[in-house]
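Structure, as structure tokens:
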Amino acid sequence: MKPINQTIAHLKPSGIRKYFDLANSMEGVISLGVGEPDFDTPWHISAKAVESFEDGHTHYTANRGLIALRKQIAGYYHSRYGIDYDPQSEILVTVGGSEAVDLCCRTLISPGDEVIVLDPNYVAYEPAILMAGGVPVRIELAQDNDFKLLPEDLERAINDHTKAIILNFPSNPTGGVMTREDYERVVPILKESGIYVISDEIYSELLFEGEFCSPANFEQIRDQVLVINGFSKAFAMTGWRLGYLLSNADLSQQLTKVHQFVIMSAPTSAQYAAIEALEHGIADTESMRREYESRRNLICARLNRIGLTTNVPKGTFYVFTNITSSGLTSDEFCVRLLEEHKVAIVPGTAFGDSGEGFVRISYATSMENIKEACSRIEAFLESLHLPSESVDSHHGSHS
């Protein structure tokens, strides 16, 4: 047999799934690994999908998705974030945010094009770039800067081969955010370079402080921006596999071509559920966000108290915790914590090289689980017999 595509052969499997699968094979594990809301989809949203079956809506929709849903998405982005997209020509409904990432890469990237990713970054970005023939170029983000993108780092990374940058704020895995003021410092660089800005905004509703800001809020680069969002995180709809992609009409036409041949249309029942989510589900999102915020406050206080320096994230449901005081690598820390104390978390290196020395902990779980997991982590640190000053010196929270 002839060899398969070597790009695929050399892709590493997801560093998140490894720990998830390992945890699933053990009894009594508290899993703080996978980035999924622990809430069920609110029933009024699910009921609309059931109703769609009863009404015989079991056929393909338009390639771009139901026009009723696209109008809701347009209204939502207008009313929530002050950004206008035409439901007819600038909105494409996708199979989750993941398909949208893939569509952006396949549509924009020619072989050899460079695409800037932030390091640490979500695990799917670099594989999507590589599968499209692109070259990922990393900008390292620092804990001291709250994992923000700095203008000087952006300027350094852009050259004649740069085609695009992928942004994800609020960020998985760091929980970092970019404010309007932060973006104001990088937008002129993006404008001058003319590169595409792929903005993954899947956590836009899970922001604990201030107002969400998108690169698309800046009119001078609006045509360069492709916005990815969806229903998984904000509305607890991960299994429904529904997202969307917002861009200028010319780009949207090209993106839709790829979607048309690969997917045809996103799941019909999920689209009817999503209409209900946008029409009547914002209150559900707000109550879930309040609960995440309480959990965030608890986990950050506990982790900092036991000597693991943890920035207080301004969004998402993750903390990106510095474990260098343990003397272990990220991978060693996670393997031993799982095997010895049955807590599953993800090494920072799953999200890029600069994740070494960190772990990602999801607090999309109950308060009871968080308290018990923190107690087990504390016991694990004590079992390492660290000199007390190495723990004490890492006390204190970075906000």
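So how many residues does segment 100-140 have that are open to solvent by 20 Å² or more (accessible area, probe 1.4 Å), touching a strand residue (DSSP E or B) at 6+ places or on another chain (Cβ under 8 Å) and on the phi < 0 side of the Ramachandran plot?
11
Based on what the data block shows, is GLU36 more than 27 Å from the chain's Cα centre (by Cα) and in a loop (DSSP other than H, G, I, E, B)? Spell out how you get there, then give the answer.
Details: more than 27 Å from the chain's Cα centre (by Cα): no; in a loop (DSSP other than H, G, I, E, B): yes.
No, not satisfied.
How about segment 198-235: which of its residues are more than 14 Å from the chain's Cα centre (by Cα), open to solvent by less than 10 Å² (accessible area, probe 1.4 Å) and either within 17 Å of VAL95 (Cα to Cα) or not polar (S, T, N, Q) (or both)?
Within segment 198-235, the first condition is being more than 14 Å from the chain's Cα centre (by Cα), and the residues that meet it are 208-226, 235.
The next check asks that each one be open to solvent by less than 10 Å² (accessible area, probe 1.4 Å); those that pass are 213-216, 221, 225-226, 235.
Listed by number, the residues that qualify are CYS213, PRO215, ALA216, ILE221, VAL225, LEU226, PHE235.
Condition first: assigned to a helix (DSSP H, G or I), surrounded by fewer than 18 Cβ atoms within 10 Å (Cβ to Cβ) and within 20 Å of the chain's Cα centre (by Cα). Now tell me which residues in segment 141-150 satisfy that. Don't jump to the end; show me each part of the working.
So the first thing to find is which residues in segment 141-150 are assigned to a helix (DSSP H, G or I), and the list is 143-145.
Next, from what is left, pick out any that are surrounded by fewer than 18 Cβ atoms within 10 Å (Cβ to Cβ): 144-145.
Within segment 141-150, just ASN145 meets the criteria.
Which of the residues that make up segment 231-272 are within 23 Å of SER79 (Cβ to Cβ), assigned to a helix (DSSP H, G or I) and of a type outside the set (Phe, Trp, Tyr)?
ALA249, SER252, ALA270, GLN271
What residue, of ILE275, ILE198, ILE221, is modelled with pLDDT of 95 or more, in contact with a helix residue (DSSP H, G or I) (Cβ under 6 Å, 6 or more places away or on another chain), within 29 Å of LYS163 (Cα to Cα) and part of a helix (DSSP H, G or I)?
Details: ILE275 fails: within 29 Å of LYS163 (Cα to Cα); ILE198 fails: part of a helix (DSSP H, G or I).
None of the others qualify; the one that does is ILE221.
Every residue in segment 56-107 that is assigned to a helix (DSSP H, G or I) and among the small types (Gly, Ala, Ser), please.
So the first thing to find is which residues in segment 56-107 are assigned to a helix (DSSP H, G or I), and the list is 67-81, 96-107.
Of everything in segment 56-107, those that are assigned to a helix (DSSP H, G or I) and among the small types (Gly, Ala, Ser) turn out to be ALA68, ALA74, GLY75, SER79, GLY96, GLY97, SER98, ALA100.
So that you can scan it fast, the table gives a plain yes or no per residue for (1) open to solvent by 30 Å² or more (accessible area, probe 1.4 Å); (2) farther than 21 Å from TYR244 by Cβ; (3) in contact with a Cys (Cβ under 9 Å, 6 or more places away or on another chain):
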| position | (1), (2), (3) |
| --- | --- |
| ASN24 | yes, yes, no |
| PRO42 | no, no, no |
| ALA49 | no, no, no |
| PHE53 | yes, yes, no |
| GLY65 | no, no, no |
| ALA74 | no, no, no |
| GLY82 | yes, no, no |
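Which residue, of VAL343, VAL262, VAL319, VAL312, is in contact with a Lys or Arg (Cβ under 9 Å, 6 or more places away or on another chain) and either charged (D, E, K, R) or open to solvent by 50 Å² or more (accessible area, probe 1.4 Å) (or both)?
Every option except VAL262 fails the conditions.
Inside segment 151-186, can you point out the residues that are touching a Pro at 6+ places or on another chain (Cβ under 7 Å), in a helix (DSSP H, G or I) and of a type in the set (A, V, I, L, M)?
Scanning segment 151-186 gives a single hit, VAL186.
Of everything in segment 87-98, what is touching a helix residue (DSSP H, G or I) at 6+ places or on another chain (Cβ under 8 Å) and open to solvent by 20 Å² or more (accessible area, probe 1.4 Å)? Give them in sequence order.
If the condition is that a residue be touching a helix residue (DSSP H, G or I) at 6+ places or on another chain (Cβ under 8 Å) and open to solvent by 20 Å² or more (accessible area, probe 1.4 Å), then PRO87, GLN88, SER89, GLU90 are the ones that fit.
Does any residue in segment 308-321 that is on the phi > 0 side of the Ramachandran plot and touching a residue at least 40 places away in the same chain (Cβ under 8 Å) come within less than 6 Å, Cβ to Cβ, of a residue that is open to solvent by less than 10 Å² (accessible area, probe 1.4 Å) and of a type in the set (A, V, I, L, M, F, W, C) six or more places away or on a different chain, and which pairs are these?
THR316/LEU206
Out of the residues in segment 2-22 that are surrounded by 13 or more Cβ atoms within 10 Å (Cβ to Cβ) and in a loop (DSSP other than H, G, I, E, B), which is nearest to the chain's Cα centre (by Cα)?
Out of the qualifying residues, it is SER14.
The values are calculated or read from the model by the stated rules, or taken from the named source; none is laboratory data. Quantities reported herein were computed from a predicted structural model and do not represent experimental measurements. Glycine also receives a Cβ, built like all others from the backbone with ideal geometry; neighbour counts cover every protein chain displayed. Ligands, DNA and RNA are stripped out before the accessible areas are found, and what is left, the full protein with its side chains, is counted by its heavy atoms. Shrake-Rupley method; radii C 1.70, N 1.55, O 1.52, S 1.80 Å.
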